[in-house]
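Computed from the coordinates by the stated procedures, all read-outs in this text should not be read as laboratory data. Owing to the predicted nature of the structure, the values given are computational and were not obtained by experimental measurement. Neighbour counts are summed over all protein chains in view; Cβ atoms, including those assigned to glycine, are modelled from backbone coordinates with ideal geometry.
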Amino acid sequence: MVGAGQLARMGWQAAISLDLGLICLGSTGDAAARAGAPLLEGSGRDAAAVAELAARCDVLTFEHELVDLAMLRGLQARGVPVRPSADVLALAVDKLHQRRTLSEITGVDVPAFAPVSEPSDIQTFAERHGWPLVLKARSGGYDGRGVWMCADAEEAMVALAESRAAGLELYVEQAVEIVAELAVLVARSPSGRLAVYPAVETFQVDGMCRWVVMPGRFGDRVAARAVELAGTLAERVGLEGLMAIELFLAPGERLLVNELALRTHNTGHLHTEASDTSQFEQHLRAVLDLPLGTTTPRTPAAAMVNVVGPPDGSDPASRLADALAVPGACVHLYGKAARPGRKLGHVTVCAATPEAALESAREAADRLERHE
Ligand SMILES: Nc1ncnc2c1ncn2[C@@H]1O[C@H](COP(=O)(O)OP(=O)(O)OP(=O)(O)O)[C@@H](O)[C@H]1O
Ligand SMILES: [Mg+2]
């Protein structure tokens, strides 16, 4: 697995159960390495390191998209199973390429978008679609970094200058009137087996996912459409592995695809306790072409709340006992150095209703973050 962060760490947990020999490519301080996952030191962008990893493995897979596609294509040409393939990963590497590809698939709706190479491109787009609009980095963004919601031309020029200083290429898209945000996870194996998880509702604060509930408030019809869309997309892109699809629900039950992630995803953490198969195990099953696990919920409702480093810089792990005193709280800590605003863990609770699950998961996460 290219990457050794918290997603690889939870992948390692799943690999232990199945006694699979997972090797992570990353650094000794990374979350998976700190949990004892076998580590090959190096970067996913370093051709020699990735080639060495491939030589030691039957299958190459990923926990992030910071990869060199040309190098992966070279490995594929030499017969290395790269899952998902370089062509599929390309969708996550360049979000403008992703938007274009999705917009060409019949039945898939995306926000209106356009490439930005100069300031006048933003103005032209605004004349057509109005303000506010959203500027996004084509690559390298996460947790809302690389997303600028701009109310007017002045804000857009500030964002443009900021992104240029950071060396980022941009595209512009319409600001969607969001009724709810959803996410769906889908696994597809090389032999074409498909498994889709139920849609969850996600809640973002400042662009970062803060909590997730299942079922969402959007109703069965929207949920069913999201699941069907996930299956269609997995087939259409030729997925081998696991993919998360973030969706916007807009007025009139319009479902738009926000983005695809070609890996395990924050919005799928609750399936570890709430479904028969965790996303981490499903990812391994899919890339190894093993039978996929069932995705049926085991509980009427579940909620997951992220644990984020508090402003005082203190470590939530020091308050573990307080959180564990919350009945039903399943606490996951990633063993990462505490920094304000950094995702350091999550809490999942299964309950009879989404409200009850969210209340308990929040209580435990608040205790870790030491909110009163
Ligand atoms: N076109 C849009 N209209 C309205 N809100 C948007 C739009 N695009 C993004 N957002 C808001 O910003 C959040 C982050 O956007 P997006 O998922 O594209 O960025 P990201 O930083 O790559 O996130 P992630 O960490 O999920 O990869 C969204 O969840 C949504 O709340
Ligand atoms: Mg997102």
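What the table below lists for this structure:
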{"read-out": "Virtual paramagnetic centre 7 Å along Cα→Cβ of Asp289, amide N under 11 Å, in the range 75-92", "value": "81"}
{"read-out": "Cα pair distances in the range 36-159, grouped into 10 Å bins until the bin that holds the longest one, percent each", "value": "11, 33, 27, 19, 10, 1"}
{"read-out": "Set of lysines near Lys95 by C-alpha distance (under 17 Å), chain-local residues within fewer than 8 positions excluded", "value": "Lys136"}
{"read-out": "Estimated dipole of the chain in Debye, rounded to 20 [Cβ of Lys and Arg +1, of Asp and Glu -1, Cα centre]", "value": "720 debye"}
{"read-out": "Computed label-point distance, nm, for sites Thr232 and Leu69 using a 7 Å Cα→Cβ extension", "value": "2.4 nm"}
{"read-out": "Mean separation of Cα contacts under 8 Å (6+ apart) over length of the range 214-348, as relative contact order %", "value": "19 percent"}
{"read-out": "The chain: relative contact order as a whole-number percent, Cα under 8 Å and 6+ apart", "value": "13 percent"}
{"read-out": "Distance in nm between pseudo-label sites at Glu127 and Asp109 (7 Å out along the Cβ direction from Cα)", "value": "2.8 nm"}
{"read-out": "Loop-located GluC sites (Glu not before Pro) in the range 215-292, at most 13 other Cβ atoms within 10 Å (DSSP)", "value": "Glu253"}
